[in-house]
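Notes follow the structure.
The values are calculated or read from the model by the stated rules, or taken from the named source; none is laboratory data. Everything numeric in this text was worked out from a predicted model, so none of it was measured. When we count neighbours, we look across all protein chains shown, and the Cβ atoms used for this are built from the backbone with ideal geometry, even at glycine.
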């Protein structure tokens, strides 16, 4: 998108502003290049073009990092607003048809379990749609949704009541499983106190649920590390580094040959994966198509009965 200013004959390409913001958010030219799928040279040229146009330094380069100048910091809110308005304008042009840009935010587990099927459906039924996928944590994605930077979000159900201006659809409910390397045997209350713990990040919305159960059952000094990355946690458990309490996702159950699962002794709230969007957009063609695609997913049933029928799960030994 181009913006024109006749008095100074300024022709401003929104993509150049997007590169500037990407550098600031990523902390370097190279990080921005990776995020935008460009070369570092191309990003540098865009920044230089902006500096020439505005006749001011926008970035202070130090080694491999780049930080915004004082002038850039002052201009940054308006730059972000222009980028957002540009995205909204593009969506407005395509809102009454199955075309134009559409962005779905998704947490890590949703990227592999839901998104491939959604991309397949959209590419088949809306070939003129420019679909983009934005990875992130649940909290990050909800903030992007609030700022109209994504159209829909697949995330863990928020720990608060969502505003009435949003809709929420539950995609799957996941129970929790204590998990350790297959050769380590059944998890008991004693082993939980003594063994290293790989903790699902307590600041994450899903991790908050796990921590409420673990807090009185582990020795905090035994926490090996804490992170919000399911695949990494599973890899660490598979390598025998410790015990973790994880939601029973399809990805986790696919590792059953290398992992031992134990059902917690006392139930805790299931992790709900939900699709959230703004009600003002829910009846637009692209949004309806994506909602329909999610509704047709054969979500994995992770109820206790199903799991015990399909996967070997031990009961938690209080001894």
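Tabulated results
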{"quantity": "Residue tally, condition more than 19 Å from residue 12 (Cα to Cα), part of a helix (DSSP H, G or I) and touching a strand residue (DSSP E or B) at 6+ places or on another chain (Cβ under 8 Å), over the stretch 25-82", "calculated": "1"}
{"quantity": "Residue within the stretch 231-242 that is modelled with pLDDT of 90 or more and at positive phi present", "calculated": "yes"}
{"quantity": "Residue list for the stretch 232-278, restricted to those being within 18 Å of residue 208 (Cα to Cα) and part of a helix (DSSP H, G or I)", "calculated": "233"}
{"quantity": "Test for residue 78: is it closer than 17 Å to residue 21 by Cβ and either touching a helix residue (DSSP H, G or I) at 6+ places or on another chain (Cβ under 9 Å) or surrounded by 17 or more Cβ atoms within 10 Å (Cβ to Cβ) (or both)", "calculated": "no"}
{"quantity": "Every residue from the stretch 115-150 that is closer than 17 Å to residue 230 by Cα, in contact with a strand residue (DSSP E or B) (Cβ under 6 Å, 6 or more places away or on another chain) and in contact (Cβ under 8 Å) with a residue 40 or more places away in the chain", "calculated": "138"}
{"quantity": "Lone unmet requirement of (1) under 18 Å from the mean Cα position of the chain (by Cα); (2) within 25 Å of residue 114 (Cβ to Cβ); (3) in a strand (DSSP E or B) for residue 167", "calculated": "(1)"}
{"quantity": "Scan of the stretch 104-138 for residues that are in a helix (DSSP H, G or I) and at pLDDT 95 or above, ordered by number", "calculated": "138"}
{"quantity": "Residues of the stretch 185-231 that turn out to be part of a loop (DSSP other than H, G, I, E, B) and within 30 Å of residue 160 (Cβ to Cβ), as a count", "calculated": "10"}
{"quantity": "Residue count for the stretch 151-161, restricted to those that are touching a residue at least 12 places away in the same chain (Cβ under 8 Å) and surrounded by fewer than 14 Cβ atoms within 10 Å (Cβ to Cβ)", "calculated": "1"}
